[in-house]
Structures are given as C-alpha cells and as structure tokens.
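Asker: Just dropping this structure here.
The values are calculated or read from the model by the stated rules, or taken from the named source; none is laboratory data. Quick caveat: nothing in here was measured; it's all calculated off a predicted structure. A quick note on method: Cβ atoms are made from the backbone with ideal geometry, for glycine too, and the neighbour counts reach across all protein chains shown.
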Amino acid sequence: MIDSHPRTPVDLKNSGGARPWVMLVVDDDPTVHDAIRLIIGKMTFRNRPVQMHSAYSTAEALGLLRHISDVAIILLNMAMDSDETGLRLVRAIRDDLGNRTSRIILRTGQSGQRPDERVIVDYDIGDSLARSELTTQKLFPALVTGLRCYQNIVALETTRQGLEAILESADTLMTLPSMRQFAAGVLEQLGSLIGAVGDGILCADIVDKDAGPGPHCGIKVLAGNGSFRDCSDCTLDNTCRHQTVLPLIRQCLTEQRSLFTDDHAILFIDGVTTRAGVALIHGGGTLDDGDRRLIEMFVRKVSSGFQNVILHENLEHLVEQRTTQLASANRELERLATYDPLTELLNRRAFIARAATEIARSRRYQRPLALLALDIDHFKSVNDTHGHATGDQALREVAGCIQSVLRGNDLSARFGGEEFAILLPETQVGAAAEVAERLRLRIAALSIPTGNGPLTITTSIGVTTLMPGDDGLDRLMARADACLYAAKHGGRNRVVRE
C-alpha cells in the first residue's frame, strides 16, 4: 500500500532493504524535478521505496533507458521543445527500445489538455497530468496505478518467460537418455529458473508408494553442483559432510511433496512407479508464490521425464543383460559345437574342419604334418568291470595326458568313443613317433582309483605323415588307423609308425 503521509520517512530496514521502484522524470524544467522529488521522497509502495532519476532532454532520457532496464514509471513532458517531442520519445521507447513494460504518464502544459485517444491507445499511455496537477493528491493515485500495472505486467512477463523456459528445458531434458545427464540438466534448469548459481543436488530413492509414509533408505546422489560437485554416487550416510540437508531430503521423500525453507527449495520429483527423486536448490527463501508455482510446474513436467529415463535405463540394463546372456549362450553353443563335453578336446566335426586347414597349409608350403590315432586298450572291459563313471574318468585322464604333451598349435580331438586323433604340424614321422611314445608312457603311468583298487590303462597308437598324394584327412586317417590296428594286433600298449 502507499504511505501518503508526507512527514513519514522511508525506512529501508522495515521494508527489508527491498529494491526500490525506479521512476524516470523527463522534463526540461528543473523545478518540475524538484517538486516531484519532494513529493515521492516519503513514498513506499508494497514495502518498496521509489527511486527517482532525472533526464532533461529526450537524448538523455534514451541514454538512461538503455542502461536502466527496470524503470517502472516514466513521467514525461509531452511538449519540451514542441508538441511532437514527447510523442517521438514515446515512440522511441516503445518501438526502438522495445520497452513495453514501463508505465508512461504524460505531463501536459495545462489542465484540460489531454492527448487524443489514438495516442493513448497506440503508445500505451497510462495517464496524463497537467503541471498544475503535480500534487500529492493527484500524483500519488497516478503513481500507485502505474506501479500496480507495472508489477502485474512484469509478473505476467516473468510467468510467460518461465513457462517458455519450462517447455524448452523440459523438451531438452526429454532427449537425455542417461540418468546422470538428466539429473545434471534438471539442476541446471532449476538454477536458471530460480536464479540460483550456488549449491544444488539431485538424488534418487526407492520409494514404496503402497507402504505409506515411513522412513526411506538407499538415497543416492545423481548430480550436484557448488559444494555438492564431488558428491556423485554419495549415499548421504553418516560419512557425508552434508548431513544438514539429509533431514530435508528425507522429509520431502516421506511426505512426497516439495518443501520451501528460508535457505532451500526441496523439490519432490515423482517417479510415478517406485522410484522418486529430490532436487535441493539453495535459495528457496527468495521465491514468491508465483515463482514457486512455476517451479512446481517444472517439477511436474520433469517427473514424466524422470520416469522415462528410469524406464530407458531399466530397458538398457535389461537389453544389456539379455545381450550378455545371449552372448554367453552363443559362446556355450559354439563350445558345445566345437568341443567334446567330457574331455574338452575338439569333437570330431571341429577336428575335421581344422585339420582341412592345416592340410591345405602344409601342402601349400610343402611342410611336414603328422597324425596320431590313439585308442584305449580293452576299454569295453573297463566300463563293464568298473562302470561308466570310471570309464568317463579314464577318458578325461587320457585327454589330460594328451594336452600335457602337445604344443600350442597342435590339434587333438576325441574322434569317437575311446579313440583320439592328434595332428602335429611341422613334424616329421620320427619326431611324431617320439611324441607318441612319450604319451604312451605317461598314460601307462596313470593310476585311476576305483572301488576295486587302482586302475591302470594302456593305449595303442598309430603314426603317419602327410604324403604327396593325400587330398584330405580321410586318406591320412586311414593310414593312421592301419598303424593303430597293427599296434593292436601286435599286442597293444605300443606305438606303430608308418
């Protein structure tokens, strides 16, 4: 309200040190400035004093208006040099400077002289006063009306800009798939809307909406700035240096609503399903009711984006999990398609495919290649006497011996039943026979425990090498098998080379 008592001083302490209303008087008559300064010197409107600036020409007025952005009232002499001078200045203010918020009051020369209706409408003139009307009784009502209109226009413009910022920022946030990016974006936009550049934090919690009010746990910081800049992934537990804000965050989550204190805005971001968030911004005490409504509108808009990011991250996690499972399943299928599950040596099909590559390489570069065919002696008797479990163990022990004597580029496979095949690149028949003999002795030294005492096993091994006429594994395998049969017929537990 207006304090019209001329002897009541303006008390900035009682008005909270509030920023004054800015008034610009444009008149070439210094006595007008002095008179108005005396009249408004004791005036407050809504606990804010009025501060007056003076301009004595249109050029000086335009210069001031270019540097002072929040002029609420312009009291303008309509005819400083001529009748058109004031109107040209009004046109410059409205059109050239783009100032549509300042309320303009025209001072006319004498009572009864008023601008025509076209001027009032086209140039958005608020009122007009004759020089003789520059009194407390006449000027105060005009100033109160102008200040009230100015405040409403600024509030509407602020709301419009806030809504535009909300729509624009919300649309931008909707494109951020990462929760951390989204959280950082929310803090940035909230700071911009509130006008705060200090401390801010956004954290998330698991909230069971069906459980009703109660304590919350699992709070995790998603993003922060200011003193919270290094708090990402912090759980705000007893080791956190920001314990003072934890009760505010918990209260916001428990009550599922935004809170405003003298120092903070604590904003509840509804996750719609089971996840919720809290944005805490320093500076909540500076917000008026309109600001708070805008902020809560932004938060409601953000809530759907928050949920979308959660769903997106959950989907990404699910896809990643399924992809990992699929890759693992594919690797297992490949392993099953390549290796014998009992001995973990190559199976017959994989051995044939890889042997074909080695045979082609050996023939291309004229390099030696040896093949060993190995068979466990009397294996049927082992199964019949000691059971298939012992037979399986014998196969695994033989496979282990084979692996222990081979080089990295050698190939070994369980070719079928108790028969094994071993391919030795870059190996002549004599060296291959030595490998076979070393392997035979190692297998013969095995001692496999059974219910009837330790079991020893022997093997027969046939050795051959790639010949010029060999066009594939079949002919090579046939000769190795022939040597193997010769070892069997010769008494078993021996190596026969071609």
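Asker: So which pairs qualify, if the first residue must be in region 364-375 and acidic (Asp, Glu), the second must be outside any strand (DSSP E or B) and buried (at least 21 other Cβ atoms within 10 Å of the Cβ), the Cβ gap must be under 7 Å, and the two must be at least 6 apart or on different chains?
Answerer: If the second residue must be outside any strand (DSSP E or B) and buried (at least 21 other Cβ atoms within 10 Å of the Cβ), the pairs left are Asp375/Glu418; Asp375/Leu484.
Asker: One residue is enough: does region 365-379 have a residue meeting the conditions in a helix (DSSP H, G or I) and assigned by TED's automatic domain parsing to the domain that holds Ala431?
Answerer: So far as region 365-379 goes, yes, one or more of its residues are in a helix (DSSP H, G or I) and assigned by TED's automatic domain parsing to the domain that holds Ala431.
Asker: Test Ile93 against the stated conditions and say whether it is closer than 19 Å to Leu129 by Cα and surrounded by 22 or more Cβ atoms within 10 Å (Cβ to Cβ). Don't jump to the end; show me each part of the working.
Answerer: Numbers: closer than 19 Å to Leu129 by Cα: no; surrounded by 22 or more Cβ atoms within 10 Å (Cβ to Cβ): yes.
Here the answer is no, as Ile93 does not meet what is asked.
Asker: Regarding Val496, is this residue touching a Cys at 6+ places or on another chain (Cβ under 9 Å), buried (at least 19 other Cβ atoms within 10 Å of the Cβ) and within 17 Å of Leu411 (Cβ to Cβ)?
Answerer: no
Asker: Still on this structure, please answer the following. Mind telling me which of the residues Pro468, Pro449, Pro425 ends up being closer than 28 Å to Ala353 by Cβ and surrounded by fewer than 16 Cβ atoms within 10 Å (Cβ to Cβ)?
Answerer: Residue meeting the stated conditions: Pro468.
Asker: Also, I was wondering about something else. For region 405-422, which residues satisfy the criterion of being of a type in the set (Lys, Arg) and surrounded by 15 or more Cβ atoms within 10 Å (Cβ to Cβ)?
Answerer: If the condition is that a residue be of a type in the set (Lys, Arg) and surrounded by 15 or more Cβ atoms within 10 Å (Cβ to Cβ), then Arg414 is the only one that fits.
Asker: Please state which one of Gly195, Gly162 is at pLDDT below 70 and not assigned by TED's automatic domain parsing to the domain that holds Ile295.
Answerer: None of the other options fit; the residue is Gly162.
Conditions (1) of a type outside the set (A, V, I, L, M); (2) closer than 20 Å to Ser132 by Cα; (3) surrounded by 19 or more Cβ atoms within 10 Å (Cβ to Cβ), marked per residue:
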{"site": "Val25", "(1), (2), (3)": "no, yes, yes"}
{"site": "His33", "(1), (2), (3)": "yes, yes, yes"}
{"site": "Gly41", "(1), (2), (3)": "yes, yes, no"}
{"site": "Thr44", "(1), (2), (3)": "yes, no, yes"}
{"site": "Ser57", "(1), (2), (3)": "yes, no, no"}
{"site": "Glu60", "(1), (2), (3)": "yes, no, no"}
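Asker: If Leu65 meets every condition in (1) among the hydrophobic types (A, V, I, L, M, F, W, C); (2) more than 14 Å from Val32 (Cβ to Cβ); (3) modelled with pLDDT under 90; (4) crowded, with 19+ Cβ neighbours inside 10 Å apart from one, which number is that one?
Answerer: In the conditions (1) among the hydrophobic types (A, V, I, L, M, F, W, C); (2) more than 14 Å from Val32 (Cβ to Cβ); (3) modelled with pLDDT under 90; (4) crowded, with 19+ Cβ neighbours inside 10 Å, Leu65 misses (3) alone.
Asker: Could you please let me know if Val398 is farther than 21 Å from Gly491 by Cβ, in the same structural domain as Asp481 (by TED's automatic domain parsing), touching a Ser or Thr at 6+ places or on another chain (Cβ under 8 Å) and not aromatic (Phe, Trp, Tyr)?
Answerer: Details: farther than 21 Å from Gly491 by Cβ: no; in the same structural domain as Asp481 (by TED's automatic domain parsing): yes; touching a Ser or Thr at 6+ places or on another chain (Cβ under 8 Å): yes; not aromatic (Phe, Trp, Tyr): yes.
No: the conditions fail for Val398.
Asker: Which one of these does Leu143 not meet: (1) over 21 Å from the mean Cα position of the chain (by Cα); (2) at pLDDT 75 or above; (3) surrounded by fewer than 20 Cβ atoms within 10 Å (Cβ to Cβ)?
Answerer: Unmet for Leu143, out of (1) over 21 Å from the mean Cα position of the chain (by Cα); (2) at pLDDT 75 or above; (3) surrounded by fewer than 20 Cβ atoms within 10 Å (Cβ to Cβ): (3).
Asker: If you don't mind, there's one more thing I want to ask. Restricting to region 62-91, name every residue that is within 15 Å of Arg107 (Cα to Cα) and aliphatic (A, V, I, L, M).
Answerer: Listed by number, the residues that qualify are Ile73, Ile74, Leu75, Leu76, Met78, Ala79, Met80, Leu87, Leu89, Val90.
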